[in-house]
Every structure is written in structure tokens, then in C-alpha cells.
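Okay, structure first, notes after.
The values are calculated or read from the model by the stated rules, or taken from the named source; none is laboratory data. Model, not experiment: these values are computed from the prediction. Using ideal geometry, Cβ is built from the backbone for each residue, glycine included, and neighbour counts are taken over all protein chains shown. These area figures cover heavy atoms from the full protein model, side chains too; ligands, DNA and RNA do not enter into them. Shrake-Rupley method; radii C 1.70, N 1.55, O 1.52, S 1.80 Å.
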Amino acid sequence: MVSAIFATLLSLLSAYSASRWLASPLKELTRGVQCIEEGNLDFRVATDATGEFEMLADSFNRMADALRERDTTIRNKTFDLEMLNRCLSEMNELLESNVKERTAELEMEKGRLEAILASMAEGIVVTDGNNRVILFNSAAQRIFGIAPYKMIDRHVEDIDMKGEFLHLVQGMREVKTEDLLVGKEKEVQVGRKKLRVSLSPFLDQTFEFAGVVMSIRDVTHEEEVARMKTEFIAAVSHELKTPLTSMKGSLQLILGKGEGLTEMERELIRVCHRNTDRLIRLINDILDISKIESGTVDLNLKPESINRLVAYSLQEIDGFARDNGVTLQNAVATEGLPVLGDHDRLIQVLTNLLSNAIKFSSPGKTVTVSARRQGDFIEVSVMDEGNTIERADRDKLFQKFPQMKGIKAREVGGTGLGLAICKEIVERHHGRISYQAGKAGGNIFSFTVPACGENL
């Protein structure tokens, strides 16, 4: 009985000890799960058990290490994302601020541009790539007598305008199809108004045609003032020519028969004679260009040999060239180059160009005349070896009374009308006159006249 009781107690004690030994690691694992669940990823299971309990504890600890590493990675990425989000937020605020500032600047610039366009004396009309009007300023409204709201968003071909306004439509087509970097200039008559219109294309970001800007200026009053000025100068010049001719004849008579004059008196009379000659040449030039501009000069167009015209001009100017120590060279081909032109006027153009070339050439230099055929025209060129004309002066060459900056231009003098007369005469022949600097220095003036089918 005692043995049975003792055995029972021993069994209970052994069972209790075994249950404690088995339950302890399980409790430790349970506590570890609770810690992990609560977010304590630093907890690790510590047990002296062996076998399956040891393997279970190691697996739990590895799982805890992996969770901690993943949590650390997530926290780092979350921090990076927060920093990035903060930077993006700051950049967005800065961008919004810049956009607001730029928008305000653009609004101010737009207001300034609208004020400028509204106050301009020239009319401004802008069309898009489809020739629809997108801008029509106040000056254009005054010039055409039409309200802007009737023009905006309308195709220019649909605008009912009198006169030659529709000629601008063709000009727009030409601007669109030709070189997109080169504009055009046209003169149109709208009612009693004479308008000078500059058409300039503008391009988009891809350098494609985006529309046309038309600058319109009413030159009616200017043309009338210019006509009155020309008529006045012509009238005054005509009135001055007669007494100056008489003065010249009187001075020549005094010089021819003035035996009792001293050398000083003779020199003074020679100066007066030279200045009288210069004034008469100036008046003749003024009368000449006035007649040409007014259209009262009729050209006697007939077949002429350019070879003979050049030879005659060189012969006429030869004495002046010798006095200046300049050699004249005729480089025109011997075969006939017939042109259709006015004999006297073409001689006038050639002698004017040769005279200028001689004036601007130093002694010992050569002035060369050449001619060649260019399609339906004959191009005649006068080349000198003088100093090249300054770039600032080249645009003024064919104007009346140009203010040249070159020192030589002030020294040689002249009426300031020679090239302007040449331009008018050449254009009346339906040709053109131009200037270019020589490749090796010097200057080249060229003009074209229509070629003639007859061989002379």
C-alpha cells in the first residue's frame, strides 16, 4: 500500500516536472508572439530546451530578425518618401509662386503691348496660318474705317473692302509660299488713301508658318507733300537756271577780255565761274529727277548696241579720267549685246557711274566697264579700285542728297543726285540698279536693261 502510494506520488511529481519542462518553452514562445504582436520586434526567445523546442525557438528568432529588418527597411523608405513628399510640396509651392509671378508679368506685358498697339500711328493687322484676322488695332480701324469686331476671326478673303485691299490676299499667299524669313512690301489704294503695307511672316516653335503681320501706313499726305516739294524745287530751279546761265556767260566774257585784271581778280572770277557751273549742274540734276519722277519724261526706246554706248561714254569721260590720273578699261565683249533703251538716258547712267568711280579712285587706279547677258536682260557693271563704301552708307546710295559718312565722299563733292537719277532712269527701263563690294576691294555698281532680239 505504502509502495503504491509512494509510486503514485512519484508519478505525479514526475508528471508535474515533465509538464513544467514542456510548458516552459511554450510559454516563452507565447510571450514572444505577444511581444511581436505588440510591436516589440527586439524580443528573442531564450530556452534551454533541445530538440524540436530548440528548433522552434530558433525559427521564431529568425522570424523576429526578418520582421525587424523588414520593419527597419519600411521605416527608412517611409522616411525617404516623407522627405521626398516634403521636397515635392516645397517645389510645388515654389512653382506655383513662379507661375503666379510669370502670369502677372505676362499680363503686364500683354497690357503694355496692347497699349503700344493702340497708340501706334501705323495700322497693325495680324492673321493666323489660315489667313484669319486675330489682331486689328485702332490705327487700322481709322485707316480702313471698319470696327475691329467685324474683322476678328474672319478670313481676309471674306472681308468686303473697296479698292485694292484684296491685293494683300495675294501678297499673303506669296509670303506663305516663299522664303519664310523674308517679308514683302506693297502699295495699295483704298478709296482715296494710298497705303504702304509691309507683310512679314512669323513662325511657330517648330519654325512652321504661323501667320502674317501687316504693318499699314497711310502715305497719302506724305506723297502729296513730296509731290508739292518736288514741284516747288523744280519751279525754283527753273527760275534760278536762267540768271545763273547769264552769270556764267558774263564771267566767261570777263575772263576772255579782262586784260586789265590782276591775277588775284582772275582767280576770284575763276572760283565764281566754277561755283556757277556747279550750281547749274545741281539745278539741271534737280530738274532732271523732277521730270523723271513726275513721269513727264518720255523715253525714246529703240534697239541700241551696249558696246557702242559704253565706248561713247568712255570717250566722253576720258578727259575727266586723265585729269584724275585714272585709267579707263573697256571689258565689254566685242560681239553685239543689243538692248532696248533710250540712247541719251543710258549714256547719262553710264557717265554718272563712271564719273563717281573716277572721283572715288586714287591716281594710278583703273575703272573697268563690263557687260554680260542675264536671261532677258543685259547687266552692265562699273568696277573701281577705290576704298570700299562703308556698310552704313550702302543703304543710302540711291537716295536723294544722301548724308554719307565716308571722308572721300565729302572731299569729292557732287550734287548728291547722280545715283538717284540713275535709279529712276534704270527703273523706267524696267531694270534694276544695285551695289556690291568687290571681292578684292573696290566697288561694283551694276544695272540691267532689257535685251533686244536684234543683232547690232
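Collect residues whose amide H, placed 1.01 Å from N in the peptide plane, falls under 5 Å from the amide H of C452; neighbours closer than 5 in sequence don't count.
Under 5 Å from the amide H of C452: V339, L340.
With label points built 7 Å along Cα→Cβ from the Cα atoms of N284 and E157, find their separation and express it in nm.
5.5 nm
Could you state how much accessible area K194 has, in square angstrom rounded to the nearest 10, with a 1.4 Å probe and all protein chains kept in place?
Counting only protein heavy atoms, K194 exposes about 60 Å² to solvent.
Please give every one of the aspartates and glutamates within straight-line cross-link reach of K100, meaning a C-alpha to C-alpha distance under 16 Å, and leave out same-chain neighbours fewer than 8 residues apart.
Qualifying aspartates and glutamates at Cα under 16 Å: E90, E109.
How would segment 301-348 be classified by its alpha-carbon gyration tensor: rounded, prolate or oblate, with rounded meaning a/c under 1.5 and the a/b versus b/c comparison settling the rest?
Note, shape of segment 301-348 comes out oblate.
Within segment 176-272, list the GluC sites (Glu not before Pro) lying in a DSSP loop whose Cβ has at most 10 other Cβ atoms in a 10 Å radius.
Here the sparse-neighbourhood loop sites are E208, E259.
Stretched out fully, how many nm does the piece from L12 to N76 gain, at 0.36 nm a residue minus the Cα gap?
17.6 nm
Whole-Hz ³J(HN,Hα) for each residue in segment 304-310, computed from phi via Karplus 6.51 cos²θ - 1.76 cosθ + 1.60 with θ = phi - 60°, x for glycine and proline: what do you get?
Going residue by residue, I get 9, 8, 5, 4, 5, 4, 5 Hz, with x marking Gly and Pro.
With every protein chain present, what is the per residue accessible area of segment 87-142 (1.4 Å probe, Å²)?
70 Å²
Among all the aspartates and glutamates, which ones have a C-alpha under 13 Å from K291's C-alpha, if same-chain residues fewer than 8 places away are not counted?
E231, E424
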